[in-house]
Amino acid sequence: MRAAIFHGPGTPLTIEDRPLPVPGAGEVLVKVCRCGVCGSDVSMTGDAPFTFAPGPIGHEFAGEIVEAGSGVAALKAGRRVACLASIPCGACAGCRNGNPVFCLAPRRGIGGGFGEYVTIPAAGALALPESLSFGDGALIEPMACGLHALRLARLDPGAHVLVLGAGSMALSIIYWARRFRAGRIVVASRSAHRREIAMAMGADAFHSFADDDPADLASLLGDGPDLVAECVGKAGMLGEAVRYVRPQGTVVSLGMCQKTEPVMPAMLTFKEVRLLFPVAYSVEEFAETARAFDADGVHPEMMVSDVIGLDALPRVLEDMRNGTHAGLKVHVDPGRR
Ligand SMILES: [Zn+2]
Ligand SMILES: [Zn+2]
């Protein structure tokens, strides 16, 4: 089988032939049908302080069970599943707090979605509701991050939200803010072409830094947003978010900027800003995301701008790194030639 392998920062991914993995006890073999390219796939394979360990990568995936290992009763061959990025051992202190990203057991997950087949512990596979496509299924993972962020922020009904950026994390915040019955949701982005999708996900207004009058944004914000979600991830954006938020408001940092960001503590103090840095989601939030799409009839696959095969992935990742890729969410179909 073929898979994309990361060898180290500064080296483009290579597509390699690997032996077909065999599911061990408690594991399932999944044929990957879709795997999303995450912002972290770009930043954590580049010249940054935090990078992935060398090996297979790709953590936003959905597919079909081909074979179940011994002791797996609930998931049979043919079952369509969406997969968790971090797989809980279920027994450690980190797992008991609900978010498997803090599991203390030797790391499992975060990798393998950019390959034709992958084995994962059965606990990492969630049966996909009938109404969701594999494209929708591969978006459960990134969309669950927005749910977790707004839970952590304790977003109140009626709260006004400013979203900085219009990438997939921003769209996740818009979707959940709307579902949490937020008040006004304003999106501010450089990417004017994402206006339509932002509105489709539930935004009330879209301000383009590139095309619109700067004064427009002030008029859209009224007394200042109760919550600002920083979803751009460039140096300087956290300071911008603090500047926009109302006194005693909340800033949620989701851009995972890997540059040092100077923030003046006094400025946060004068506004008594709450600054949050959410990561990932709980297993329950992952399942809740799938249920929400199913119940709402929402097909997040509308965010997918490109579906590519494995051979195109290294080039696309480099284009995204250089800022020359215009698409929104890129999905890899590893079986596609
Ligand atoms: Zn991701
Ligand atoms: Zn654990």
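Take the residues in region 50-63 that are touching a strand residue (DSSP E or B) at 6+ places or on another chain (Cβ under 6 Å) and open to solvent by less than 30 Å² (accessible area, probe 1.4 Å), then tell me which one is farthest from G233 (Cα to Cα).
Looking at the filtered set, the residue picked out is G63.
Of all residues in region 62-88, which are touching a Lys or Arg at 6+ places or on another chain (Cβ under 8 Å) and not hydroxyl-bearing (S, T, Y)?
Across region 62-88, the qualifying residues are A62, G63, E64, I65, V66, A68, I87.
Examine region 30-49 for a residue that is more than 16 Å from ligand 2 (Cβ to nearest atom), loosely packed, with under 13 Cβ neighbours inside 10 Å and of a type outside the set (V, I, T), and state whether such a residue exists. Walk me through it before giving the result.
Taking region 30-49 and keeping what is more than 16 Å from ligand 2 (Cβ to nearest atom), we get 30-49.
Among the residues that remain, those that are also loosely packed, with under 13 Cβ neighbours inside 10 Å are: 47, 49.
From what's left, of a type outside the set (V, I, T): 47, 49.
Scanning region 30-49, I find at least one residue that is more than 16 Å from ligand 2 (Cβ to nearest atom), loosely packed, with under 13 Cβ neighbours inside 10 Å and of a type outside the set (V, I, T), so the answer is yes.
Can you tell me which residues in region 64-103 are open to solvent by less than 30 Å² (accessible area, probe 1.4 Å), outside any loop (DSSP other than H, G, I, E, B) and either outside the structural domain of L20 (by TED's automatic domain parsing) or closer than 30 Å to G10 by Cα (or both)?
If the condition is that a residue be open to solvent by less than 30 Å² (accessible area, probe 1.4 Å), outside any loop (DSSP other than H, G, I, E, B) and either outside the structural domain of L20 (by TED's automatic domain parsing) or closer than 30 Å to G10 by Cα (or both), then C83, S86, P100 are the ones that fit.
Per-residue answers, yes or no, for (1) among the hydroxyl-bearing types (S, T, Y); (2) open to solvent by 20 Å² or more (accessible area, probe 1.4 Å):
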| site | (1), (2) |
| --- | --- |
| S131 | yes, yes |
| V163 | no, no |
| S168 | yes, yes |
| S172 | yes, no |
| R178 | no, yes |
| R181 | no, yes |
| S189 | yes, no |
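Can you say whether V72 is farther than 21 Å from E285 by Cβ and of a type in the set (V, I, T), as far as the supplied structure shows?
yes
Tell me, which helices (runs of 4 or more DSSP H) wholly within region 195-309 include 1 or more residues that are crowded, with 21+ Cβ neighbours inside 10 Å, of a type in the set (A, V, I, L, M) and free of Cβ contacts under 8 Å to residues at least 40 places away in the same chain? Show your work before the answer.
Details: elements: 195-201, 214-221, 237-244, 265-271, 283-296.
Those helices (runs of 4 or more DSSP H) span 195-201, 237-244.
Restricting to region 176-192, name every residue that is touching a Gly at 6+ places or on another chain (Cβ under 6 Å) and either closer than 16 Å to V298 by Cβ or without any contact (Cβ under 8 Å) to a residue 24 or more places away in the chain (or both).
Listed by number, the residues that qualify are W176, R178.
Quick check on region 113-129. Is at least one of its residues hydroxyl-bearing (S, T, Y) and either surrounded by 17 or more Cβ atoms within 10 Å (Cβ to Cβ) or within 16 Å of ligand 1 (Cβ to nearest atom) (or both)? Before you say what the answer is, go through the steps one by one.
Restricting attention to region 113-129, the residues satisfying the condition of being hydroxyl-bearing (S, T, Y) are 117, 119.
Still in the running and either surrounded by 17 or more Cβ atoms within 10 Å (Cβ to Cβ) or within 16 Å of ligand 1 (Cβ to nearest atom) (or both): 117, 119.
Within region 113-129 (the criterion being hydroxyl-bearing (S, T, Y) and either surrounded by 17 or more Cβ atoms within 10 Å (Cβ to Cβ) or within 16 Å of ligand 1 (Cβ to nearest atom) (or both)), the answer is yes, since at least one residue qualifies.
Filtering region 56-90 down to residues that are without any contact (Cβ under 8 Å) to a residue 24 or more places away in the chain and not aliphatic (A, V, I, L, M), which residue is nearest to ligand 2 (Cβ to nearest atom)?
Taking the candidates together, the pick is C89.
What do you reckon, is G98 free of Cβ contacts under 8 Å to residues at least 24 places away in the same chain, more than 16 Å from ligand 1 (Cβ to nearest atom) and either more than 21 Å from T289 (Cβ to Cβ) or out of contact with any Asp or Glu (no Cβ under 6 Å at 6 or more places or on another chain) (or both)? It would help to see each step written out before you state the result.
Values: free of Cβ contacts under 8 Å to residues at least 24 places away in the same chain: no; more than 16 Å from ligand 1 (Cβ to nearest atom): yes; either more than 21 Å from T289 (Cβ to Cβ) or out of contact with any Asp or Glu (no Cβ under 6 Å at 6 or more places or on another chain) (or both): yes.
In short, no.
Results for (1) more than 17 Å from A295 (Cα to Cα); (2) assigned to a strand (DSSP E or B), shown as yes or no for each residue.
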{"position": "A144", "(1), (2)": "no, no"}
{"position": "A149", "(1), (2)": "yes, no"}
{"position": "L171", "(1), (2)": "yes, no"}
{"position": "A182", "(1), (2)": "yes, no"}
{"position": "V186", "(1), (2)": "yes, yes"}
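The values are calculated or read from the model by the stated rules, or taken from the named source; none is laboratory data. Please read all numbers here as calculations on a predicted model, not as lab measurements. Don't worry about glycine lacking a Cβ; one is built from the backbone with ideal geometry, like all the others, and counts go over all protein chains shown. Side chains are part of the model used for accessible areas, which takes the heavy atoms of the whole protein and leaves out ligands, DNA and RNA. Shrake-Rupley method; radii C 1.70, N 1.55, O 1.52, S 1.80 Å.
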